[in-house]
Amino acid sequence: QVQLVESGGGLVEPGGSLRLSCAASGSFFSPNVMGWYRQTPGNQRELVARMTSGGSTNYVDSVRGRFTISRDNAKKTVALQMNSLKPEDTAVYYCSLLTSDGNYWGQGTQVTVSS
């Protein structure tokens, strides 16, 4: 059974940086897509960034140039480096893994950007 565990959320001042990490356990195969989504109260979960097992990336426009997604296929990990954080980046961030067997989610980690 595939499980995803996130770490790295927290409170940071505007302009600061945080790095989120996600480790996957269990068996799954390529091709697959690992990524990060975020959700605020009353809103739908939105894609932040995703990366295929082949290395292709997608970013939502609001984070392009500030956030960088990376992954290690051998270690089954994905990370999100978030720089120049803004208050509007405040949300619960979820790690996601999409495979031919299904879509898996982590438990979420809170990111709060506030002075």
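What the table shows:
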{"read-out": "Selection within region 46-61 - surrounded by 11 or more Cβ atoms within 10 Å (Cβ to Cβ) and assigned to a loop (DSSP other than H, G, I, E, B)", "value": "S53, V60"}
{"read-out": "Of all residues making up region 14-45, the number that are more than 21 Å from S115 (Cα to Cα), crowded, with 21+ Cβ neighbours inside 10 Å and under 11 Å from the mean Cα position of the chain (by Cα)", "value": "5"}
{"read-out": "The lone exception for G55 - which of (1) at positive phi; (2) in contact (Cβ under 8 Å) with a residue 24 or more places away in the chain it fails", "value": "(2)"}
{"read-out": "Pair list, Cβ under 9 Å, 6 or more apart: region 69-80 residue closer than 11 Å to E6 by Cβ, other residue β-branched (V, I, T) and open to solvent by 40 Å² or more (accessible area, probe 1.4 Å)", "value": "A79/T68; L80/T68"}
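Table: residues versus (1) in contact (Cβ under 8 Å) with a residue 40 or more places away in the chain; (2) closer than 15 Å to G108 by Cβ; (3) assigned to a loop (DSSP other than H, G, I, E, B); (4) of a type outside the set (K, R).
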| residue | (1), (2), (3), (4) |
| --- | --- |
| L4 | yes, yes, no, yes |
| G16 | yes, no, yes, yes |
| L20 | yes, yes, no, yes |
| F28 | yes, no, yes, yes |
| M34 | yes, no, no, yes |
| Y37 | yes, yes, no, yes |
| P41 | no, yes, yes, yes |
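The values are calculated or read from the model by the stated rules, or taken from the named source; none is laboratory data. Only a predicted model underlies this, so the values are computations on that prediction, with no experimental measurement involved. All Cβ positions, glycine included, derive from the backbone under ideal geometry; neighbour counts span all protein chains shown. With ligands, DNA and RNA removed, areas are computed over all heavy atoms of the protein, side chains included. Shrake-Rupley method; radii C 1.70, N 1.55, O 1.52, S 1.80 Å.
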